[in-house]
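The values are calculated or read from the model by the stated rules, or taken from the named source; none is laboratory data. Just so we're clear, the structure is a prediction, and the values are computed from it rather than from any experiment. Backbone-built Cβ (ideal geometry, glycine too); neighbour counts: all protein chains shown. Only protein heavy atoms, including side chains, enter the accessible area calculation; ligands, DNA and RNA are left aside. Shrake-Rupley method; radii C 1.70, N 1.55, O 1.52, S 1.80 Å.
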Amino acid sequence: MLQLSPHSTVFGSAQGQKERSLRMNMNQDEALSNYNDYNDLLQSEVYVDLERLRILARHGIPNELRGEVWKYLLGVQQADRSKELTTSKARKEDYEQIDKTDSEISKRIRGEVTRYQRRVPLLDGRHYMNRFENVILAYLNANRDAEYHPALVSLCAPFIYVLEKEWDAYFCFERLMQAMDEAYQSQTIKENIANFMTLFRNVLPELCNYFEEEEVDLNEWVTSWLQHLLSREMKFEDIVRLWDTYFAMPDFLEFHPFVCLAILRNAKENLEDLEQSEIRTMLLRLPYLDMQRTLAEAYNLRHESMERQICEDGDLL
C-alpha cells in the first residue's frame, strides 16, 4: 500500500483526491453510456439486435437490466417483439400448469436453501425460499429424467435473484440445465475432467505438482468446478458477472475450463503458500475475484491452447 510521507503537502493530497474524483466521474460516465447502449437495444419497437446485445453482455450487464437481457441471451424471450406480450403470457400459463409438489424433495430443497442463504444474505427470506422450492420442483417434475442434487440450488440462485417473475426464472434455469445436459451427452463429465487435468498439467505444471505433493484431492474440487459452473464455489456477485459473459457466448461450456484455469493461474502464488487443508478450503470457497482479469486470462489461455493444438496437428502431418 502506498504510504504518504510526513512531508506530503496539502497540494499533493488534494491532487490525489482530484485524480480519484476524475476516475470516479469517468467510471460513472462509462456506466451511464453502457446503460444507454443496452436501453436503446431493449427499447427497440420491432426487433432486438441479439448480436449487438451479445457483444455488450460479454463485458457485463447493468444490474437493473440483467434479467431482461438474460431472457434474450438464453432464448426465453424472442428477438421479434411483435408477439412479446403473447409469449410472455403463454410462459406464465405454462409454468402455472406444472406440478410443484413433492413433500420429500421439498424438505431437501428447504434444507439446502437454508444453508445457501447463510452464505448469500442477498437471497435470505421466505420469499426467496418459496421461489427456490417452486422453480426446482417445477424443473424436476417437468423433466422426469432429472434427479435432485443440492447443486440445483446454487445453479438456480442467480435466476431467482435476477429475474423479477418466477416463471421467467424457471424458463431461464431450464435453458441452462438443458444446455448442460446436451453437453454431457456428447462428452461425459469424466471425459471433461480428464481433458481439464491434461490442460492443468500443461498450463500450470508447477502448481499441479504442488497439489500432488500436498495430496490435494483433485477430483473433489475439479468435478464440482466443471459440473456446476463454479456456482457453489464463487462469490454470488462474481458468478452473476461470469454468467453475463457465458450467456453471451455460443460455446460457454467449452470456454468454462479456461476460466477455471485462469482462476488457478491468478491464485498460483497464494495457493503454493498453503497446506492441504487450506488449499481445499480456498478451492471450495473462492474469495472475491477480479472478473475482468479472470475473463481476459481465460480468453488468452484458450487462444494459447488453440495455437498449441494447431502446432501439434501440423507436426503430425
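Here are the numbers:
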quantity	calculated
Answer residue from the range 202-213, given it is under 14 Å from Ile279 (Cα atoms) and free of Cβ contacts under 8 Å to residues at least 24 places away in the same chain and is least open to solvent (accessible area, probe 1.4 Å) among those	Cys208
Test: Cys311 is of a type outside the set (Phe, Trp, Tyr), more than 24 Å from the chain's Cα centre (by Cα) and not in a loop (DSSP other than H, G, I, E, B)	yes
Residue count, the range 47-64 (criterion: under 25 Å from Lys83 (Cα atoms) and assigned to a helix (DSSP H, G or I))	9
Residues of the range 275-290 classified as in contact with an Asp or Glu (Cβ under 9 Å, 6 or more places away or on another chain) and buried (at least 16 other Cβ atoms within 10 Å of the Cβ), total	5
Residues within the range 102-132 that are within 21 Å of Lys165 (Cβ to Cβ) and β-branched (Val, Ile, Thr), tallied	3
Near pairs, Cβ below 7 angstrom, 6+ apart or cross-chain, from the range 257-284 (part of a helix (DSSP H, G or I)) to any residue that is open to solvent by less than 80 Å² (accessible area, probe 1.4 Å) and among the basic types (Lys, Arg)	Phe258/Arg302
Residue count, the range 214-256 (criterion: open to solvent by less than 30 Å² (accessible area, probe 1.4 Å) and either of a type in the set (Gly, Ala, Ser) or outside any helix (DSSP H, G or I) (or both))	10
Boolean, Tyr139 is aromatic (Phe, Trp, Tyr) and within 15 Å of Gln178 (Cα to Cα)	yes
Qualifying residues in the range 182-196 (those that are within 29 Å of Asn134 (Cα to Cα) and open to solvent by 70 Å² or more (accessible area, probe 1.4 Å)) - the one farthest from the chain's Cα centre (by Cα)	Gln185
Matching residues in the range 40-95 - criterion: being open to solvent by 80 Å² or more (accessible area, probe 1.4 Å) and closer than 19 Å to Ile239 by Cβ	Arg58, His59, Asn63, Glu64
